[in-house]
1. Filter segment 13-39 down to the residues that are of a type in the set (Val, Ile, Thr) and either surrounded by 12 or more Cβ atoms within 10 Å (Cβ to Cβ) or touching a Ser or Thr at 6+ places or on another chain (Cβ under 9 Å) (or both) and list them by number.
2. Kindly provide the set of residues from segment 1-31 that are part of a helix (DSSP H, G or I) and in contact (Cβ under 8 Å) with a residue 60 or more places away in the chain, ordered by number.
3. Only one of these is within 11 Å of the chain's Cα centre (by Cα) and not β-branched (Val, Ile, Thr): 41, 20. Name it.
4. Go through segment 40-58 and give me each residue that's surrounded by 11 or more Cβ atoms within 10 Å (Cβ to Cβ) and more than 15 Å from residue 5 (Cα to Cα).
5. What about residue 66, is it in a loop (DSSP other than H, G, I, E, B) and of a type in the set (Asp, Glu)?
Amino acid sequence: MKIGEKIKELRTEKALSQAELGKAIGVSQKAIDYWERSVNEPKIGYVMTLVEFFQISYDEFFADIEKPIIEKN
């Protein structure tokens, strides 16, 4: 699972729209949309805000997030 998929999962579990989540954490609906579609990822400060908003631990948030594969040259 990617970070965006996790954000969407958490958001839909709470029956929130992208706009509602954005307003709650201080970002635009477009930012939420970009995160969920993996156009870009939230900065660590927003990850901290999301964890607090959804009242989960960092371990819970990152438990099923895919680890990036680092290519060796």
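Coordinate-derived values only; no laboratory data. Small disclaimer: the values here were computed from a predicted structure and weren't measured. Cβ placement follows ideal geometry from the backbone for every residue including glycine, while neighbour counts extend to all protein chains displayed.
1. 25, 27, 32
2. 3
3. 41
4. 46, 48, 49, 53, 56
5. The answer is yes for residue 66.
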